[in-house]
Amino acid sequence: MEAGSTSGFEPCIAAWLEEVRGRGLWRELRRVDSPQSTRIQAAGVSLLNFSSNDYLGLASHPVLKAAACEAVGTFGCGSGASRLVCGSLAPHWKLEEALAAFKGTEAALSFQSGYTAALGAISALVGPGDVIIVDRLVHASVVDAARLSRAKLRVYAHNDLEDLERILAWAASRPEARSSRVLVVTESVFSMDGDLAPLREIVELKDRFGAWLMVDEAHATGLFGERRSGCVEASGLSGRVEVQMATLGKALGASGGCICGSRRLVDLLINRARSFIFSTAPVPASAAAALAAVGIVQSREGGARAERMWGHVRALAGMIAPLPTAGTARLGLSAILPVVVGAEEATMAIAKRLLEAGFLVPGIRYPTVARGGARLRITVSADHEPRDIEALGLALREAFGRAA
Ligand SMILES: *Cc1c(COP(=O)(O)O)cnc(C)c1O
């Protein structure tokens with residue numbers, strides 16, 4: 001091959017990057033020189049942070065930090081091997097016991113991340129000949145997992161029960177239906193729209209058709225329900241959802257993912273989930289930090305933190321009500337409050353204006369959301385002050401006023 005031809009490695013990448021730039025979809029990393037908090041330092045500038053999923057302010061909580069340090073002292077930094085080889089250290093066992101009790105299930109299994117939890121669980125549960133039915137807005141990890149599983153993927157319109165029912169009926173009518181499995185996957189709180197799924201109705205539907213249900217509680221864990229374990233608990237559905245997925249790196253302030261359900265489900269994953277089997281166990285410090293978080297979330301302090309966060313959510317929802325918000329708050333609000341702009345470049349221009357005013361509010365574009373559905377994704381934390389929320393409300397009005 002000729003040097004400099006467009007099929008050469010560097011020219012090929014350069015052409016691809018040009019295309020990304022040309023479409024207004026260029027992404028780059030921003031270096032942060034401070035811990036996660038409502039105020040972060042980036043490029044020497046202090047920014048008020050409305051972009052994190054650290055909803056309860058636990059990522060830099062002294063109790064989590066102490067738990068992680070203690071785990072390093074006792075168990076060291078690395079975990080040495082995969083869980084099945086010799087990496088199944090005590091902190092993982094303790095964390096999984098606590099997660100099962102928290103989620104109201106028999107058992108739990110932790111993973112390196114939510115992404116790998118979805119990959120491992122879905123491809124362990126369904127395969128060629130099976131059907132996986134997902135909400136149009138499920139997270140990329142679920143879409144990738146569905147593809148990896150090689151099950152037949154069907155997508156229903158967002159939160160549309162009639163469409164889900166139509167697809168379930170189709171799946172049940174296939175000649176091979178008797179011998180194949182059907183798995184429905186939804187998020188309880190949608191990560192980019194911030195709206196809630198009608199879980200009770202979905203459970204009734206999947207039961208009627210004998211399908212299984214997996215609920216991704218990435219943005220609900222820590223925030224909903226009496227124990228604050230998520231929407232499945234809040235809806236009284238703990239015994240009726242086959243697979244509960246959560247992340248440990250959002251409201252729980254640590255890192256990792258988990259699948260909660262029956263003991264048999266967990267045994268199956270230990271034997272079949274390739275992202276669990278073929279990956280070094282999470283470090284002991286992250287398991288210890290997540291365990292501490294599960295304790296705090298269920299404590300009086302967790303309740304007070306959640307209350308503060310919900311207060312901010314309600315205040316901000318009132319302030320952005322005149323702007324085009326995404327999804328519907330029909331079933332309630334979440335900690336994610338998106339403002340939909342539409343065009344990619346206009347969205348990034350508003351995000352930039354906010355940044356210059358000292359507010360970190362991310363613009364979210366394709367492929368994270370649909371083309372033409374670009375938005376600002378605002379998230380709040382228990383550690384914000386009421387005056388932070390007011391300042392953001394004013395800055396948004398200013399930024400949108402000038403954009404209009
Ligand atoms: C963040 C997220 C994941 C992935 O979890 P990680 O721990 O970040 O890998 C999965 N599903 C949803 C809905 C998410 O928002």
Worksheet item: So which pairs qualify, if the first residue must be in region 180-207 and among the small types (G, A, S), the second must be part of a helix (DSSP H, G or I) and within 16 Å of the ligand (Cβ to nearest atom), the Cβ gap must be under 9 Å, and the two must be at least 6 apart or on different chains?
Response: S188/L199; S188/C231; S188/V232; A197/C231
Response to the item:
Of the residues in region 354-375, those that are hydrophobic (A, V, I, L, M, F, W, C) and out of contact with any helix residue (DSSP H, G or I) (no Cβ under 6 Å at 6 or more places or on another chain) come to L355, L360, I364, V369, A370
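So that you can scan it fast, the table gives a plain yes or no per residue for (1) closer than 27 Å to N271 by Cβ; (2) among the β-branched types (V, I, T):
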residue	(1), (2)
S141	yes, no
A145	yes, no
A157	no, no
R166	no, no
S173	no, no
S179	yes, no
V182	yes, yes
D195	no, no
Item to complete: Look through R387, R375 and report the one residue that is part of a helix (DSSP H, G or I) and out of contact with any Leu (no Cβ under 8 Å at 6 or more places or on another chain).
Response: R387
Worksheet entry | Unique match (being in contact with a Cys (Cβ under 7 Å, 6 or more places away or on another chain) and modelled with pLDDT of 95 or more) among A281, A218, A254, A246 | A246
Worksheet entry | Some residue of region 280-292 being surrounded by 23 or more Cβ atoms within 10 Å (Cβ to Cβ), within 16 Å of the ligand (Cβ to nearest atom) and under 17 Å from the mean Cα position of the chain (by Cα) | yes
Practice prompt. Identify, from the list L29, L89, L48, L84, the residue that is of a type in the set (A, V, I, L, M, F, W, C) and closer than 30 Å to G303 by Cβ.
Written response: L48
Practice prompt. Please find, among V142, V138, V134, the residue that is part of a strand (DSSP E or B) and either surrounded by 20 or more Cβ atoms within 10 Å (Cβ to Cβ) or among the basic types (K, R) (or both).
Written response: V134
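Please enumerate the residues belonging to region 130-144 that are of a type outside the set (D, E, K, R) and more than 11 Å from the ligand (Cβ to nearest atom). Steps first, answer last, please.
Of the residues in region 130-144, the ones of a type outside the set (D, E, K, R) are 131-134, 137-143.
Correct list: V131, I132, I133, V134.
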Discussion item. Restricting to region 344-393, name every residue that is at pLDDT below 95 and at positive phi.
Written reply: G372
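For (1) of a type in the set (D, E, K, R); (2) assigned to a helix (DSSP H, G or I); (3) within 16 Å of the ligand (Cβ to nearest atom), each residue gets a yes or a no:
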site	(1), (2), (3)
W170	no, yes, no
L183	no, no, yes
G222	no, no, yes
S238	no, no, no
M245	no, no, yes
Worksheet item: Taking region 247-279 as the search range and keeping residues that are of a type in the set (A, V, I, L, M) and in contact with a strand residue (DSSP E or B) (Cβ under 6 Å, 6 or more places away or on another chain), which one is farthest from the ligand (Cβ to nearest atom)?
Response: V266
Practice prompt. Please go through region 113-124 and pick out each residue that is within 16 Å of the ligand (Cβ to nearest atom) and either of a type in the set (K, R) or closer than 14 Å to L269 by Cα (or both).
Written response: T116, A117, A118, L119, G120, A121, I122, S123
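The values are calculated or read from the model by the stated rules, or taken from the named source; none is laboratory data. Small disclaimer: the values here were computed from a predicted structure and weren't measured. Backbone-built Cβ (ideal geometry, glycine too); neighbour counts: all protein chains shown.
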